[in-house]
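Report on one structure; see the data block that follows.
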Amino acid sequence: MSVAELKERHVAASETVNSLRERLKQKRASLLDTDVAGYAKSQGKTPLTFGPTDLVCCRTLQGHTGKVYSLDWTSEKNRIVSASQDGRLIVWNALTSQKTHAIKLPCAWVMTCAFSPTGQSVACGGLDSVCSIFNLNSLCDKDGNLPVSRTLSGHKGYVSSCQYVPDEDTHLITGSGDQTCVLWDITTGLRTSVFGGEFQSGHTADVLSVSINQSNSRLFVSGSCDATARLWDTRVASRAVRTFPGHEGDVNVVKFFPDGNRFGTGSDDGTCRLFDIRTGHQLQVYHQQHGDNDFPPVKTIAFSISGRLLFAGYTNSDCYVWDTLLAKVVLNLGSLQNSHESQISCLGLSADGSALCTGSWDTNLKMLYRAEALIVVGILPSYRDHIVDYVSHENTSQSPMGVICARDMVSAVYYNVLWVRFMGVSDYNKCLFVGLIDPAIRYMGVWRP
C-alpha cells in the first residue's frame, strides 16, 4: 500500500470518527431534557430557608494592610493562612484570632497560598512566577523573617493557584499564566509533570485556578481565561481527560464538589456552573441578575461539606449562598451586618464545615458560623459601662469557641459580637474571658459550634 493510499484511508477514518463523535454529541444533548433544579422541583423538593441571623459573623481578623487575595484552612480546622498584597502571609489561630506567623514574602505581588496537609508548611505564588515554600517550624533569620525553605521555579508566567496533593506534603500542583499546570516534587524542587503547553488539548490562555479531587488525588481540574475548565489525570500529562465549555468569560475559580464526581466553576460572565466529570455535561447554571443585564463576575466559590450550599463571592461585594439543588439564592452575606466593605476575593470552609472564612479587598478576613450551632450555656447581666471579667460554664461538657451576646433571654442578637473583645482562655481551656465594651448589651453568653 502506497503512502498516498495510507493518507487517503487516514483522512477517511478521521472523517468517520468525527462524524460519529458529532452524532454521539447530538444524541447525548437530546437526552439532556432538564437540569438539577428542574428535576429537583419535579420531585417536590423545597428550597432551604435562611434568615439574616442564620449565618453569624463571629470575628474579624485584622492585620493585613493590603488586599487579601487568597486563604486556606488546615485540615484540623483551627488555623488559616492568608495572602495579601501587603507582601505578607499571615497564619491565624482561627479560635482566638491571634497571629502565629507573619511571613514577609520575596515578592509582594502574591496571588495564592495553601497549607500543606499536615499544616507544617505553607506555599504561595504570584507575579514572580515561582512557588515559594515556607516551613513553619524553621527558625527565623536575624531580621526576624521566616526563610524560604524551597523555591519551585519553572513557570514562564505568574503563579495564579497552588494546592497540595491530599495527604502528601511532598507534592503540589500549580496553575500559571503560561497556560500550564505543573505537578511538583517539593523534596527535589523539580517538575514531575507539565499539563498543557505544547499539547493540543491544553488551555489556550492563562490558567487561573486548580482544584484537586479529594476522593481521587490523581485527578484535578483547572479553569482558564479561555472560558473552559479541563479535567486532568496526573498519570497522563499529555492530554486533558475532558474539556468543559459553557462559560462566556474567564473561568476565575474551580472547586471540586464534596463527592468528587462533580465540580463547580465561577466566571467573569457572572455565573457559577456545576459539571459532572463522568458524563462531561453541565448540570446547572447559577446566576442572579443585578439590575439591567448586570452580571458581576464571580471571583471565588466554595461548597458546604454536604454540597447542598454553594458560596460565591462577586466583584460587587455580594456573596451569595446558593441552594445547589434548586439553584436559588438563600442568603446574601453582603447584606449582613459587619459584612465586608469591598469585594470578597477568597473564601473557604473549615474541614468539618462548621465555619466559613472570607477574605476581601478591604484587607480583612471574617469568620462566620451557622447560628443554629451556637448554644447559649450561660447568661450573666451586664451593667452600663461595666466590664464583666469572665464567663464560667462548669456545667457544660464541651469547651466553647467564642462568645455571643443577647438583648433578652429569648432571641439572641448575634450581631453584637462586634462589640465583644477577646481577653483570654482559662487555665483548663474550658471557658473564654471576655470584656463587654458596648453598654447597650444587657446579657452575655458563651457559645460553641
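Residue-wise test of (1) under 21 Å from residue 370 (Cα atoms); (2) in contact (Cβ under 8 Å) with a residue 40 or more places away in the chain; (3) within 16 Å of the chain's Cα centre (by Cα); (4) outside the structural domain of residue 250 (by TED's automatic domain parsing).
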site: 295; (1), (2), (3), (4): no, no, no, no
site: 305; (1), (2), (3), (4): yes, yes, yes, no
site: 308; (1), (2), (3), (4): yes, yes, yes, no
site: 313; (1), (2), (3), (4): yes, yes, yes, no
site: 316; (1), (2), (3), (4): no, no, no, no
site: 319; (1), (2), (3), (4): yes, no, yes, no
site: 326; (1), (2), (3), (4): yes, yes, no, no
site: 335; (1), (2), (3), (4): yes, yes, no, no
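Looking at region 195-216, which of its residues are under 20 Å from the mean Cα position of the chain (by Cα) and either loosely packed, with under 14 Cβ neighbours inside 10 Å or not hydrophobic (A, V, I, L, M, F, W, C) (or both)? Break it down stepwise before answering.
Quick first cut of region 195-216, residues under 20 Å from the mean Cα position of the chain (by Cα) only: 206-216.
Selection gives 206, 209, 211, 213, 214, 215, 216.
Condition first: polar (S, T, N, Q) and surrounded by 16 or more Cβ atoms within 10 Å (Cβ to Cβ). Now tell me which residues in region 76-103 satisfy that. Step through it out loud before you land on a result.
First, pick out the residues of region 76-103 that are polar (S, T, N, Q): 78, 82, 84-85, 93, 96-98, 100.
Scanning region 76-103 gives 78, 82, 84, 85, 96, 97.
Mind checking which residues of region 97-128 are more than 16 Å from residue 173 (Cβ to Cβ) and part of a loop (DSSP other than H, G, I, E, B)?
97, 98, 105, 106, 107, 108, 109, 118, 119, 120, 127, 128
Where the second residue is at pLDDT 95 or above and outside any loop (DSSP other than H, G, I, E, B) and the first is over 24 Å from residue 353 (Cβ atoms) and among the polar types (S, T, N, Q) and lies in region 80-91, which pairs have Cβ atoms under 7 Å and are six or more apart or on separate chains?
As it stands, the answer is 84/68; 84/69; 85/69; 85/110, since those pairs meet every condition given.
Determine which member of the set 355, 351, 240 is farther than 19 Å from residue 72 by Cα, of a type in the set (A, V, I, L, M, F, W, C) and in the same structural domain as residue 222 (by TED's automatic domain parsing).
Details: 355 fails: farther than 19 Å from residue 72 by Cα; 351 fails: farther than 19 Å from residue 72 by Cα.
Answer to the check: 240.
Go through region 15-57 residue by residue and tally those that are in a strand (DSSP E or B) and touching a Ser or Thr at 6+ places or on another chain (Cβ under 8 Å). Full working, then the answer.
Taking region 15-57 as the starting set, the residues that turn out to be in a strand (DSSP E or B) are 55-57.
Remaining after also requiring touching a Ser or Thr at 6+ places or on another chain (Cβ under 8 Å): 57.
Qualifying residue count for the region: 1.
Kindly check whether there is at least one residue in region 333-340 that is out of contact with any helix residue (DSSP H, G or I) (no Cβ under 8 Å at 6 or more places or on another chain) and either at positive phi or crowded, with 21+ Cβ neighbours inside 10 Å (or both).
yes
Going residue by residue through region 227-245, is there one that turns out to be among the charged types (D, E, K, R), buried (at least 20 other Cβ atoms within 10 Å of the Cβ) and at pLDDT 95 or above?
yes
Mind listing just one residue for me: the one in region 179-194 that is farther than 25 Å from residue 75 by Cβ and touching a residue at least 40 places away in the same chain (Cβ under 8 Å) and, of those, farthest from the chain's Cα centre (by Cα)?
So the first thing to find is which residues in region 179-194 are farther than 25 Å from residue 75 by Cβ, and the list is 179-180, 190-191, 194.
Next cut, touching a residue at least 40 places away in the same chain (Cβ under 8 Å) only: 179, 194.
Values: 179: 22, 194: 24 Å.
Once the filter is applied, the top-ranked residue is 194.
Determine whether region 287-307 contains at least one residue that is in contact with a helix residue (DSSP H, G or I) (Cβ under 8 Å, 6 or more places away or on another chain) and either closer than 22 Å to residue 246 by Cβ or not in a strand (DSSP E or B) (or both). Full working, then the answer.
From region 287-307, those in contact with a helix residue (DSSP H, G or I) (Cβ under 8 Å, 6 or more places away or on another chain) are none; that's our starting set.
No, region 287-307 has no match at all.
Quick one: in region 158-177, of everything that is out of contact with any Leu (no Cβ under 9 Å at 6 or more places or on another chain) and part of a loop (DSSP other than H, G, I, E, B), which residue is surrounded by the most Cβ atoms within 10 Å (Cβ to Cβ)? I'd like the intermediate steps shown before the answer.
Let us first name the residues in region 158-177 that are out of contact with any Leu (no Cβ under 9 Å at 6 or more places or on another chain), namely 166-170, 176.
Those left that are additionally part of a loop (DSSP other than H, G, I, E, B): 166-170.
Values: 166: 14, 167: 11, 168: 13, 169: 17, 170: 13.
Out of the qualifying residues, it is 169.
The values are calculated or read from the model by the stated rules, or taken from the named source; none is laboratory data. Please read all numbers here as calculations on a predicted model, not as lab measurements. We place every Cβ from the backbone using ideal geometry, glycine too, and count neighbours over all the protein chains shown.
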